[in-house]
Structures are given as structure tokens and as C-alpha cells.
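The values are calculated or read from the model by the stated rules, or taken from the named source; none is laboratory data. The structure presented is a predicted model; accordingly, all values stated were derived computationally and were not measured. Using ideal geometry, Cβ is built from the backbone for each residue, glycine included, and neighbour counts are taken over all protein chains shown.
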Amino acid sequence: MGLELYLDLLSQPCRAVYIFAKKNGIPFELRTVELIKGQHLSDAFAQVNPVKRVPVLKDGDFTLTESVAILLYLARKYKVPDHWYPQDLQARARVDEYLAWQHTTLRRNCLRTLWHKVMFSLFLGEPVSPEVLAATLAELDVTLQILEDKFLQNKAFLAGPHISLADLVAITELMHPVGAGCQIFEGRPKLAAWRQRVEAAVGVVLFQEAHEMIFKVKELPPPDPSVKEKLMPRVLVMIQ
Ligand code: GTX
């Protein structure tokens, strides 16, 4: 069996892995796991990943979880163009720096925003309070400023003059609030121009394809009550 990727494109880390594999012509079998239907909570998927999360990579007998580890595995195994994860010590360290930073900051805030703006209504039938939403958006704003000031600065891309894994992870994160209807690029011309560069470097068609689901997130049907009951406590852990 060749490379298999277990993904749901509603999930940001899955989108990063999907775009990276597609963009680099890495052949893989897509195993779609629909989170909203609770497919990741099945016994069959627990055999693949006992933690019941996506993305997961299977390469023959080798199974790997964690999107960053998967991206690095693919970059190394398939010898993708250097700019994605540069050999140069300090350029690579810049990519690592972003990848280490994002987990508890931009990723968390973008996921929280999606849930507070759209998914809570879908799952619980009512939105979060305006105060909670305002606090979430304020936190997101602070993180966006750090993305712009500390990471992007006046460069074309986050880690230098070319697109890298850092940009791919960041843009897929930012599409969560965008899908939820937040105008996060308004009043941020530097970030808006960076977004255009990243989309162009990825390829507009691939970018749109990977984000189709998140751009239609508001149209999702409410999940089955039994799935909702199992999923909600897990989600609360992810967005706390
Ligand atoms: N650190 C891991 C990585 O980067 O790969 C995080 C993986 C992760 O959180 N996966 C989430 C998951 O599978 C998908 S992203 C959050 C989407 C939640 C939407 C649910 C409808 N979560 C499933 C779970 O924990 O139940």
C-alpha cells in the first residue's frame, strides 16, 4: 500500500497537509474522515489513530500523526523544493520558529473564532454571548498583529523571500475566521498582500479546492444529536 492520508478538509491541519502533498505532486490515497459525522470516533478509525484525530499519514506499516510532523516527513521523503523547508540553518530555524509558535496562538485563536462565530450555533442551537465573541476577536487581533510585526515584517513571506511551510500553515489557519465571515484582512494591507502572494504561490485553483468546505461552513447541516454529544466535550478541550 502506498501513502494514505486521513483528512477532513474542514480541519486546518488537514488542509495544510493536503495542499502540500498536492502542490508537490506527492501521490497519495485520500481517506476522508468526516468529523462532523463523527467518523473519527469509530472503532475502525481508532485502529488508525487511538487519539481519534486527523490528520494521519500511513506509509505502509508506518503511521504518523501531528500535522507538523507529517509535513516535515513529506518534505524530507519527497525532496520537495528547498524553499518549503530550507536547508540553510537560519532560514530553516525561521520556519521552525513559526511552526513552534502557532499551535497555542494563531491556530488556537482561529479555531476559537470559527467555533464562537459559527459552530456553536450549529452544535448548540445558540451563539456564544456577544461578550465572549468580542473577547475571542480581540485575542485574535492581538495574534494577527504578532503575525504581521514579528513574523511577516517587511518580507514577502513569513520566513523569507519564498513560500515555506510556515506560510502554508498560517494561511490555512487564517481561512478559519475568513470562512466564519470575519474581515481579518481589512485594515491590514501587508497581511492582505501576503495572502495574495501565498494564494498565487500555492495556485488559486488548489487553494480554492482545499478551502471549499470552510468557505461554505455556514451552510453545514446540524450534526446528529448523538455525534454532537460525543464531539462537544472534545471540541471544548481544543478551543479552551
Ligand atoms: N496538533 C494536531 C495536529 O496539528 O495535527 C491537532 C490535530 C487536531 O486537533 N485535529 C482535529 C480533530 O481531529 C481536527 S482540527 C479541529 C476540528 C474540529 C471540528 C470538529 C467537527 N479533532 C477531532 C476530535 O478531537 O474529536
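Restricting SER121, SER67 to those that are at pLDDT below 95 and either within 26 Å of LEU220 (Cα to Cα) or touching a helix residue (DSSP H, G or I) at 6+ places or on another chain (Cβ under 6 Å) (or both) reduces the list to SER121. Quick one: count up the residues across region 1-40 that are under 14 Å from MET213 (Cβ atoms), surrounded by fewer than 18 Cβ atoms within 10 Å (Cβ to Cβ) and either modelled with pLDDT under 95 or among the charged types (D, E, K, R) (or both). Count: 2. Answer with yes or no whether THR104 is within 30 Å of ILE36 (Cα to Cα), within 15 Å of the ligand (Cβ to nearest atom) and touching a strand residue (DSSP E or B) at 6+ places or on another chain (Cβ under 6 Å). No: the conditions fail for THR104.
Those helices (runs of 4 or more DSSP H) of region 90-197 in which at least 1 residues are farther than 23 Å from TYR18 by Cβ and in contact (Cβ under 8 Å) with a residue 40 or more places away in the chain, considering only elements entirely within it, cover 120-124, 130-146.
Checked against (1) at pLDDT 95 or above; (2) surrounded by 13 or more Cβ atoms within 10 Å (Cβ to Cβ); (3) out of contact with any Ser or Thr (no Cβ under 9 Å at 6 or more places or on another chain); (4) farther than 16 Å from GLU148 by Cβ, ALA210 meets all criteria but (3). For region 1-16, the set of residues classified as near the ligand (Cβ under 8 Å from one of its atoms) and either of a type outside the set (Gly, Ala, Ser) or part of a helix (DSSP H, G or I) (or both) consists of ASP8, LEU10, GLN12, PRO13, CYS14, listed by residue number.
Residues in region 41-64 that are without any contact (Cβ under 8 Å) to a residue 40 or more places away in the chain and assigned to a helix (DSSP H, G or I) were compared, and the one that is surrounded by the most Cβ atoms within 10 Å (Cβ to Cβ) is PHE45. Within region 142-154, the set of residues being surrounded by 14 or more Cβ atoms within 10 Å (Cβ to Cβ) and not hydrophobic (A, V, I, L, M, F, W, C) comprises THR143, GLU148. So, in region 47-64, exactly how many residues are within 16 Å of PHE20 (Cα to Cα) and near the ligand (Cβ under 8 Å from one of its atoms)? Adding up the residues that qualify gives 2. Selection of region 65-92 for residues being surrounded by fewer than 19 Cβ atoms within 10 Å (Cβ to Cβ), more than 10 Å from the ligand (Cβ to nearest atom) and hydrophobic (A, V, I, L, M, F, W, C) yields LEU72, LEU89, ALA91. Among the residues making up region 210-234, those that are farther than 13 Å from GLY179 by Cβ, assigned to a helix (DSSP H, G or I) and in contact with a helix residue (DSSP H, G or I) (Cβ under 8 Å, 6 or more places away or on another chain) are VAL227, LYS228, LYS230, LEU231, MET232. Residue count for region 17-40 under the criterion of being more than 11 Å from the ligand (Cβ to nearest atom) and assigned to a helix (DSSP H, G or I): the result is 6.
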